[in-house]
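A.B. asks: Below: one structure in structure tokens.
The values are calculated or read from the model by the stated rules, or taken from the named source; none is laboratory data. Because the structure is predicted, anything quoted here is derived from the model rather than measured. Every residue, glycine as well, gets a Cβ built from its backbone with ideal geometry; the counts of neighbours run over all protein chains shown.
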Amino acid sequence: MLRVSCHGGLCCGIKHIFGFPAYPHQKTEPELEANGEFDDEDMCGEEVRSDLSFFTAAAPSETVDQRLDRILSYIKAERPGGIVEAVLARSTDDCPWDQIKLNEPRLLSRGFRVVNEVINSNSDNLCRVYHLNCEA
């Protein structure tokens with residue numbers, strides 16, 4: 001399930017989208033109820049936590065592409081300017097999952113660009129980092 005959080009810390013304001021599907025059969029996102037009031041911690045110099053969801057609006061059950069567009073529109077409305085980040089991974093062992101193959105085209109078509117790639121030390125997965133500059 002796609003989620004959005006803020007990077008921890010007090011200054012960068014980067015929004016991080018994660019939870020992209022890893023298998024071809026994962027085609028829909030669940031319905032979401034509104035999740036309380038919008039949290040301004042990321043703007044008020046308070047410590048932000050990556051376990052808090054930045055996207056608090058309601059959403060119907062929809063495709064991954066529709067949910068990604070909904071999230072990007074929400075970010076642009078609530079925090080125009082700044083960077084949106086996504087990280088996709090690919091298993092380097094015999095497991096068949098591959099977020100990169102399934103999701104890179106949807107990110108690139110929305111203006112994201114690859115900024116880094118590395119083998120993650122805690123999982124041995126290949127991780128590819130994407131950024132989207134959101135103009136204010």
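A.B. asks: Only one residue in Leu68, Leu108, Leu72 is farther than 16 Å from Arg3 by Cβ and at pLDDT 90 or above. Which one?
C.D. replies: Leu108
A.B. asks: Within the stretch 28-41, is even one residue within 17 Å of His7 (Cα to Cα) and modelled with pLDDT of 90 or more? Write out each step before concluding.
C.D. replies: Initially, the stretch 28-41 is screened for residues within 17 Å of His7 (Cα to Cα), giving 38-41.
Within this subset, residues satisfying the condition of being modelled with pLDDT of 90 or more are none.
Among the residues of the stretch 28-41, not one is within 17 Å of His7 (Cα to Cα) and modelled with pLDDT of 90 or more, which makes the answer no.
A.B. asks: Working only within the stretch 120-136, note down all residues that are surrounded by 11 or more Cβ atoms within 10 Å (Cβ to Cβ) and either touching a Lys or Arg at 6+ places or on another chain (Cβ under 9 Å) or modelled with pLDDT under 95 (or both). Spell out the reasoning first.
C.D. replies: First, the residues of the stretch 120-136 that are surrounded by 11 or more Cβ atoms within 10 Å (Cβ to Cβ): 120, 123, 125-134.
The answer is Asn120, Ser123, Asn125, Leu126, Cys127, Arg128, Tyr130, His131, Leu132, Asn133, Cys134.
A.B. asks: With the checklist (1) more than 30 Å from Asn125 (Cα to Cα); (2) surrounded by 18 or more Cβ atoms within 10 Å (Cβ to Cβ); (3) modelled with pLDDT under 80 in hand, flag the one item Cys6 doesn't pass.
C.D. replies: All conditions pass for Cys6, except number (1).
A.B. asks: A further question on this structure: Within the stretch 79-124, can you find the residues that are outside any helix (DSSP H, G or I), of a type in the set (D, E, K, R) and in contact with a strand residue (DSSP E or B) (Cβ under 9 Å, 6 or more places away or on another chain)?
C.D. replies: If the condition is that a residue be outside any helix (DSSP H, G or I), of a type in the set (D, E, K, R) and in contact with a strand residue (DSSP E or B) (Cβ under 9 Å, 6 or more places away or on another chain), then Arg79, Glu85, Arg90, Asp98, Arg110, Arg113, Glu117 are the ones that fit.
A.B. asks: May I ask you to list pairs of residues, at least six apart or on different chains, whose Cβ atoms are under 7 Å apart, with the first in the stretch 55-68 being within 10 Å of Ala34 (Cβ to Cβ) and the second being assigned to a loop (DSSP other than H, G, I, E, B) and not aliphatic (A, V, I, L, M)?
C.D. replies: Pairs that qualify, where the first residue is within 10 Å of Ala34 (Cβ to Cβ) and the partner is assigned to a loop (DSSP other than H, G, I, E, B) and not aliphatic (A, V, I, L, M), are Thr56/Asn35; Thr56/Gly36; Thr56/Phe38; Ala58/Glu33; Ala59/Glu31.
A.B. asks: Keeping to the stretch 125-136, report how many residues are more than 15 Å from the chain's Cα centre (by Cα) and either part of a helix (DSSP H, G or I) or of a type in the set (Ser, Thr, Tyr) (or both).
C.D. replies: Residues that pass the stated criteria total 0.
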